[in-house]
Amino acid sequence: MALRSVSHFLHQVGQAQRMSADYDRLRQMSPECLSRMGVERNDIATHLYNKYFGNR
């Protein structure tokens, strides 16, 4: 059971690191690129949270 908890924790840390990297990448994009992805600049964090953690 403890191994499963540690494994889950490490998975969450990995997800958070990927989300942070994507956030930095999306912040650098132009509004036109973001709109092609269906994301507005003020919704980047919400979009990424739902992408990485929304399937709970």
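The values are calculated or read from the model by the stated rules, or taken from the named source; none is laboratory data. Just so it is clear, the model here is predicted, and its values are computed rather than measured. FYI the Cβ positions are ideal-geometry reconstructions off the backbone, even for glycines, and counts take in every protein chain you see. We work out accessible area using only protein heavy atoms, side chains counted, and drop any ligands, DNA or RNA first. Shrake-Rupley method; radii C 1.70, N 1.55, O 1.52, S 1.80 Å.
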Practice task
Roll a 1.4 angstrom probe over the protein heavy atoms and tell me the percent of accessible area of the range 1-42 that is carbon or sulfur.
Solution key: 58
Completion exercise
With the 1.4 Å probe rolled over protein heavy atoms, the chain has an accessible area per residue in Å² of 80
Completion exercise
In the chain, taking the dipole from +1 charges on Lys and Arg beta carbons and -1 charges on Asp and Glu beta carbons about the Cα centre, the listed residue (L34, Q17, I44) farthest towards the positive end is Q17
Exercise for the section: Just reorder Y52, Y23 by solvent-accessible area, largest first, 1.4 Å probe, all chains present. Expected result: Y23, Y52
Handout entry: Rg/Rh for the chain, where both radii come from Cα atoms and Rh is the Kirkwood radius
Key = 1.13
Exercise for the section: At 7 Å along the Cα-to-beta-carbon direction for both Q28 and E40, put a label point, then send me their distance in nm to one decimal. Expected result: 2.6
Exercise for the section: Give the angle, between 0 and 90 degrees and rounded to the nearest 10, that separates the Cα long axis of helix 2-28 from the longest principal axis of the Cα atoms of the chain. Expected result: 10
Practice task
Mind putting a number on the dipole of the chain about its Cα centre? Charges go on the C-beta only, +1 for Lys and Arg and -1 for Asp and Glu, and I need it in Debye to the nearest 20.
Solution key: 200
Completion exercise
Stretched fully, the stretch from H11 through K51 gains (0.36 nm per residue minus C-alpha distance, one decimal, in nm) 12.9 nm
